[in-house]
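As structure tokens, the structure follows; a few thoughts come after it.
The values are calculated or read from the model by the stated rules, or taken from the named source; none is laboratory data. In this text the structure is predicted, and so the values were computed from the model without any measurement. With ideal geometry, Cβ positions are generated from the backbone for all residues, glycine too; neighbour counts draw on all protein chains shown. Only protein heavy atoms, including side chains, enter the accessible area calculation; ligands, DNA and RNA are left aside. Shrake-Rupley method; radii C 1.70, N 1.55, O 1.52, S 1.80 Å.
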Amino acid sequence: MGNLDQQSAEVLAKMRQSKTPGGRAVHLSAFAAKAQREGLLSLYEHYLLMGEALGLERESCVQPAYGRRVQISDLLKAMNMRMMALLFGDDGAAALWESWGQEAFRLNQERRKHYILKDYPAFLRAEEQPERLKQLLALRRSRKKPFDGGPYHDEYFPYDQCAYEELLLQGRRFSEADRRLSGETENLLVELSLLEE
């Protein structure tokens with residue numbers, strides 16, 4: 001198990017060895033999910049680390065050298081991150097995730113029937129349309145999801161840790177106390193920024 005500093009050092013070592021941004025994203029995402037499950041990260045810290053990981057995934061999609069194709073899952077991740085940014089009161093990040101979501105929608109190469117593709121721009125700004133939030137919440141709560149209809153937005157961060165649709169429908173936001181950042185996580189974020197240079 002280990003403490004957060006030890007696990008952070010391990011993931012940074014793995015990320016330094018990885019040759020691609022996509023590979024680094026996989027290591028960071030797995031680390032963040034595991035650390036959050038073990039109670040080493042708050043939801044806010046997990047959100048910040050997932051933002052870093054998804055930034056790496058985006059890099060692997062938009063830089064021709066890496067050739068990763070944009071998929072429906074990328075659209076769902078950007079939408080989820082935008083909704084979480086709104087809950088955390090981070091308007092700058094919400095605008096960034098909206099921009100990245102629009103970019104992913106244009107670059108999406110997965111063409112098939114999927115609930116998010118019908119009107120992705122509206123889903124991306126679902127906080128302005130309660131009907132869209134209700135639709136997302138109904139999908140989250142559904143136990144009868146057909147496997148061939150996925151992926152579903154609740155299969156990605158924040159998973160079941162936060163039903164953002166419900167909170168946004170209620171007009172709720174996270175408090176300042178919910179945005180706590182430990183020294184260990186702050187150090188990891190600094191190291192990640194240095195790694196990307």
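On the basis of being open to solvent by 80 Å² or more (accessible area, probe 1.4 Å) and either more than 18 Å from the chain's Cα centre (by Cα) or under 20 Å from Ala33 (Cβ atoms) (or both), does Arg140 make the cut?
no
Scanning the stretch 109-128 for residues that are in contact with a helix residue (DSSP H, G or I) (Cβ under 6 Å, 6 or more places away or on another chain) and assigned to a loop (DSSP other than H, G, I, E, B), which turns out surrounded by the fewest Cβ atoms within 10 Å (Cβ to Cβ)?
Glu110
Taking into account only those residues within the stretch 58-73 that are in a loop (DSSP other than H, G, I, E, B) and within 18 Å of Pro151 (Cβ to Cβ), which is modelled with the lowest pLDDT? Show your work before the answer.
To start, the set of residues in the stretch 58-73 that are in a loop (DSSP other than H, G, I, E, B) comprises 63-71.
Applying the additional criterion that residues be within 18 Å of Pro151 (Cβ to Cβ) yields 68-71.
Details: Arg68: 90, Arg69: 93, Val70: 94, Gln71: 94.
My answer is Arg68.
Identify, from the list Arg37, Arg68, the residue that is farther than 20 Å from Leu124 by Cα and in contact (Cβ under 8 Å) with a residue 40 or more places away in the chain.
Checking each option against the conditions leaves just Arg68.
Which residue is modelled with the lowest pLDDT, if the candidates are limited to the stretch 146-177 and must be open to solvent by 70 Å² or more (accessible area, probe 1.4 Å) and assigned to a helix (DSSP H, G or I)?
Going through the qualifying residues, I end up with Phe147.
Given the criteria out of contact with any Pro (no Cβ under 9 Å at 6 or more places or on another chain), open to solvent by 10 Å² or more (accessible area, probe 1.4 Å), part of a loop (DSSP other than H, G, I, E, B) and closer than 28 Å to Glu184 by Cα, does Gly39 qualify?
On the way: out of contact with any Pro (no Cβ under 9 Å at 6 or more places or on another chain): yes; open to solvent by 10 Å² or more (accessible area, probe 1.4 Å): yes; part of a loop (DSSP other than H, G, I, E, B): yes; closer than 28 Å to Glu184 by Cα: yes.
Considered against the rule, which asks whether it is out of contact with any Pro (no Cβ under 9 Å at 6 or more places or on another chain), open to solvent by 10 Å² or more (accessible area, probe 1.4 Å), part of a loop (DSSP other than H, G, I, E, B) and closer than 28 Å to Glu184 by Cα, Gly39 comes out as yes.
Of everything in the stretch 1-45, what is in contact with a Phe, Trp or Tyr (Cβ under 7 Å, 6 or more places away or on another chain) and among the hydroxyl-bearing types (Ser, Thr, Tyr)? Give them in sequence order. Working first, answer last.
Filtering the stretch 1-45 down to residues in contact with a Phe, Trp or Tyr (Cβ under 7 Å, 6 or more places away or on another chain) leaves 7, 11, 20-22, 44.
Passing the criteria: Thr20, Tyr44.
Can you pull out every residue in the stretch 72-85 that is touching a residue at least 40 places away in the same chain (Cβ under 8 Å) and either open to solvent by less than 10 Å² (accessible area, probe 1.4 Å) or within 15 Å of Ala122 (Cβ to Cβ) (or both)? Step through it out loud before you land on a result.
So in the stretch 72-85, the residues touching a residue at least 40 places away in the same chain (Cβ under 8 Å) come out as 72-73, 75-84.
Ile72, Leu75, Leu76, Ala78, Met79, Asn80, Met81, Arg82, Met83, Met84, listed by residue number.
Of the numbered conditions (1) at pLDDT 95 or above; (2) open to solvent by less than 50 Å² (accessible area, probe 1.4 Å), His27 satisfies every one except a single condition; which is it?
Among (1) at pLDDT 95 or above; (2) open to solvent by less than 50 Å² (accessible area, probe 1.4 Å), His27 violates only (2).
From the list Leu86, Leu139, Leu76, which one is of a type outside the set (Asp, Glu), assigned to a helix (DSSP H, G or I) and at pLDDT below 90?
One residue alone meets the criteria, Leu139.
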